[in-house]
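The structure under discussion appears below in the form of structure tokens.
The values are calculated or read from the model by the stated rules, or taken from the named source; none is laboratory data. Quick caveat, the model's predicted, so the values are computed rather than measured. A quick note on method: Cβ atoms are made from the backbone with ideal geometry, for glycine too, and the neighbour counts reach across all protein chains shown.
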Amino acid sequence: MLRFLSVVLLLVFPMFLPMAQAEPELNLVSPYSVAFRSAVVPGWGQMRIGHPVQGVIAAAMLGGTLVGALITRSQYLDIYNDEYASVARVDPDSPEAISAFERANQRFKMSQFFVFAAVGVWAYGVVDSYVGAHVYNAEVKAGQLDEQSKLIDSLSLQLSDNALNAFVAFRF
């Protein structure tokens, strides 16, 4: 009978502890929402999960690669239209035409590189924010578990063959 009462006491008493303390609301973020934010505005998702430096770096890298793509595309069009097109109309196999075409082609390839780099940076930002949201949520949940484990540690239990003893210590 004593064992039964101690088990009932052990099971019923902890139910009153949450009434004394309000359960804190977890501030979790949706990984899909954060990834969508980064897809729309690069860096927004990283900023949402508390990584503003990563967000600024992602936005700056995407902006830099897009500016590089625009500049090299403009240079390609200038070389192609101003130098190569005028010489190629007269003699497309002349050394001047071949040299102008090679310079224009080099700029075209560089502009394509910047476009693909921009797509890669954009995709990295989306994936990084998605994974970062999972890490953020795990850290928030770990903090809650840590707080709950401290509450459980305040309840001391001693088990023996004959009796179950429970000690409650309140710390303020």
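Annotation: ALA104 fulfils all but one of (1) under 30 Å from VAL53 (Cβ atoms); (2) among the small types (Gly, Ala, Ser); (3) in contact (Cβ under 8 Å) with a residue 24 or more places away in the chain; the unmet one is (1).
The set of residues in region 132-172 being modelled with pLDDT of 80 or more and in contact with a helix residue (DSSP H, G or I) (Cβ under 8 Å, 6 or more places away or on another chain) consists of GLY132, ALA133, HIS134, ASN137. Scanning region 37-96 for residues that are among the polar types (S, T, N, Q), part of a helix (DSSP H, G or I) and over 30 Å from the mean Cα position of the chain (by Cα) gives THR72, SER74, GLN75, ASN81, SER86. In region 86-109, the residue that is farthest from ARG37 (Cα to Cα) out of those that are surrounded by fewer than 17 Cβ atoms within 10 Å (Cβ to Cβ) and among the aliphatic types (A, V, I, L, M) is VAL90.
Based on what the data block shows, is GLU147 closer than 25 Å to SER33 by Cα and of a type in the set (Asp, Glu)? Taking the combined requirement at face value, the residue does not satisfy it. Residue count for region 25-58 under the criterion of being without any contact (Cβ under 8 Å) to a residue 40 or more places away in the chain and within 22 Å of PHE116 (Cβ to Cβ): the result is 3. For region 63-89, the tally of residues that are charged (D, E, K, R) and closer than 30 Å to VAL40 by Cα stands at 1.
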